[in-house]
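Trainee: Input: one structure, supplied below.
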Amino acid sequence: MFYLDRAATTPVRREVLEAMWPWLTGGFGNPSSSHGIGDQAARGLADARARVAAVLGCRPAEVVFTAGGTEGANTAVKGLVLAAPRGRHVVTSAIEHEAVLASCDHLARFHDVTVTVLPVDRDGLVTPAVLAAALRPDTTLVSIAHADNEIGTVQDVPALAAVTHAVGARFHTDAVQSAPWLPIGLDRLGVDALTFSGHKLGAPKGTGVLVLRAGVPMEPLVHGGGQERGRRSGTEDVAGAVAVATALTLSDAARETAARTASATRDAVIAGVLARVPGAVLTGSPSARLPGHASFCFPATAELPGVNGETVLLELEQRDVVSSSGSACAAGSTEASHVLTALGLSEDVARSAVRLTFDAGLTEADVPLVVDAVASAVGSVRALG
């Protein structure tokens, strides 16, 4: 079986499970407790924080452990806006993850915040010029993802952040999809806050990180005992922190080689599907694209009907290829993808989407088998009319 849905989640690495185990057994203490067992847990948490900081090139004090990308995005977007006296204007893009868009909507409905949603071009890119035109003297925050989970497009975040900082606003980026593949960090990307999720890296679900630049004020979403330097109250999940630190460290060590291998495989998969499936359309940028990410729509042609992407997925699974039609967070929805319609695709075409996401384990020899499966699955669905 080919598991080609790694943008949704990844299996937990064995090394991560082994690193977690001591903190689920003998090292079970509460890091806030003032005794030996609690102190042991506190040292484990501090070590995990330092390891994350080492990979990201930041201070350990700038690392906040969270329960995943959704919590991180909510905390960053709501927390930065509510803590800033500058104004009540937020800028985001039309293709953001629902965690960011829903956070912006919450601010608009309950905190009198004005939200500007930027358009993207046909490749899913936000240009610095479009962003600059939307910024205002009272803009508080810009939140634009580093890479999109549905179409794989990678934004020029350093350029967008520079435009944002020129007017005195803050910049947050959702790095959930880019963390496994691209160098990330506050200084590397020039941002004030970034968030990512552990389960895209080989850590368990329910783990994640918010990195917040020192000195940037943030109103916490969760109040209580003041853990995580007052930015996220609640007893810390030491095993989860160790897990995400271990997964991030392992991913970082293999990143360059894995990205190079997966990029070559991605290009071969894209070329194969476009050649074998009549009318197939690549979605997202052909060049500014995540390694291991190939996404398509299969609209109707003059001779052939279009397809429903969910039906194609069922046919693919019968051929031992597991994939998705887009964001796992929207799976089962009857609505067309907001990301694909933002590219200018019709709702019917958007509903024909299929996304193949994989790691460096998909080999050159596997490519013809995957392409054959896609061509056969689309052909079977089209034959149904």
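The values are calculated or read from the model by the stated rules, or taken from the named source; none is laboratory data. Since we're looking at a predicted model, the values are computed, not measured. Please note: Cβ atoms are built from the backbone with ideal geometry, for glycine as well, and neighbour counts cover all protein chains shown. All accessible areas refer to the heavy atoms of the entire protein, side chains included, with ligands and DNA or RNA removed. Shrake-Rupley method; radii C 1.70, N 1.55, O 1.52, S 1.80 Å.
Trainee: Just add up the charged neighbours of GLY57: K/R +1, D/E -1, any other residue whose Cβ is under 11 Å from the Cβ of GLY57. Display every interim value, and only then the final one.
Mentor: Numbers: positive: ARG59, ARG188; negative: GLU62, ASP187, ASP252.
Combined, the nearby Lys, Arg, Asp and Glu give -1.
Trainee: Suppose each label sits 7 Å from its Cα in the direction of the beta carbon; what would the ASP121-MET1 distance come out to in nanometres?
Mentor: That separation, rounded to one decimal, is 4.0 nm.
Trainee: May I ask you to give the percent of accessible area on the chain that is carbon plus sulfur, with a probe radius of 1.4 Å? Mind dumping the intermediate values first?
Mentor: Values: 8620 of 15580 Å².
Accessible surface attributable to carbon and sulfur in the chain totals 55 percent.
Trainee: Continuing with this model, one more query. Under a Cβ-Cβ cut-off of 13 Å, what is the net charge of the residues other than SER263 that fall near it, where Lys and Arg count +1 and Asp and Glu count -1? Let's see the in-between values first.
Mentor: Values: positive: ARG255, ARG260, ARG266, ARG289; negative: GLU256, ASP267, ASP359, GLU364.
Charge balance in the 13 Å sphere: 0.
Trainee: Show me 281-288, 151-158, 73-80, 254-261 ranked by packing, highest mean number of other Cβ atoms within 10 Å first. Walk me through the numbers before you get to the answer.
Mentor: Details: 281-288: 17.6, 151-158: 22.8, 73-80: 25.9, 254-261: 14.9.
In decreasing order of mean packing, 281-288, 151-158, 73-80, 254-261 become 73-80, 151-158, 281-288, 254-261.
Trainee: Compare the peptides 132-141, 351-360, 62-71, 107-116 by average per-residue count of other Cβ atoms within 10 angstrom and give them in order, highest first. Kindly include the intermediate steps, with their values, before the conclusion.
Mentor: Details: 132-141: 16.8, 351-360: 25.0, 62-71: 23.4, 107-116: 14.3.
Highest mean packing first, the order is 351-360, 62-71, 132-141, 107-116.
Trainee: At 7 Å along the Cα-to-beta-carbon direction for both ALA94 and ASP156, put a label point, then send me their distance in nm to one decimal.
Mentor: So the label points at ALA94 and ASP156 sit 2.0 nm apart.
Trainee: Cα centroids of segment 113-180 and segment 260-319: how far apart, whole angstrom?
Mentor: 27
Trainee: Per the helix-only calculation at 222 nm, which mean residue ellipticity applies to the chain, given -39500 (n - 2.57) for every DSSP H run of n ≥ 4 and division by its residues, nearest 500 deg cm²/dmol? List each step's numbers first, then the result.
Mentor: Values: 12 runs with 156 residues, N = 385.
Theoretical 222 nm ellipticity from helices: -13000 deg cm²/dmol.
Trainee: Still on this model: May I ask you to derive the FRET efficiency for GLU303 and THR235 from their Cβ-Cβ distance with R0 = 56 Å, giving the value to the nearest 0.05?
Mentor: Working: r = 62 Å, r/R0 = 1.10.
Between GLU303 and THR235 the formula returns 0.35.
Trainee: Sticking with this one: Can you say what percent of the DSSP beta bridges in the chain, counting only those with both residues inside, are antiparallel? Round to 5. Intermediate results must be reported in sequence, preceding the final value.
Mentor: Working: 18 of 36 bridges.
So the antiparallel bridges amount to about 50 percent of the total.
Trainee: Cut-off 15 Å, label point 7 angstrom out along Cα-to-Cβ of SER32: give me the residues of segment 53-97 whose amide nitrogen falls inside.
Mentor: What the label zone holds, given the 15 Å backbone N cut-off, is 65.
Trainee: Between ALA383 and ALA54, what is 0.36 nm times their sequence separation minus the Cα-Cα distance? Round to one decimal in nm.
Mentor: Details: separation 329, 0.36 × 329 = 118.44 nm, distance 5.39 nm.
Length difference between fully extended and current span is 113.1 nm.
Trainee: Anything in the chain that counts as a DSSP H helix reaching 18 Å or more along its axis (C-alpha) with Kyte-Doolittle mean of at least 1.0? List them, would you?
Mentor: Going by DSSP H runs, the hits are 367-383.
Trainee: What distance in nm lies between label points placed 7 Å from Cα along the C-beta direction at VAL130 and GLU15?
Mentor: 3.9
Trainee: Could you tell me the calculated FRET efficiency between ASP39 and GLU256, based on Cβ-Cβ distance and R0 = 51 angstrom, to the nearest 0.05?
Mentor: Numbers: r = 38 Å, r/R0 = 0.74.
Approximately 0.85, to the nearest 0.05.
Trainee: Quick one: accessible area per residue over segment 45-184, 1.4 Å probe, rounded to a whole number of Å²? Working shown, then result.
Mentor: On the way: 4750 Å² over 140 residues.
Ligands and nucleic acids excluded, the result is 34 Å² per residue.
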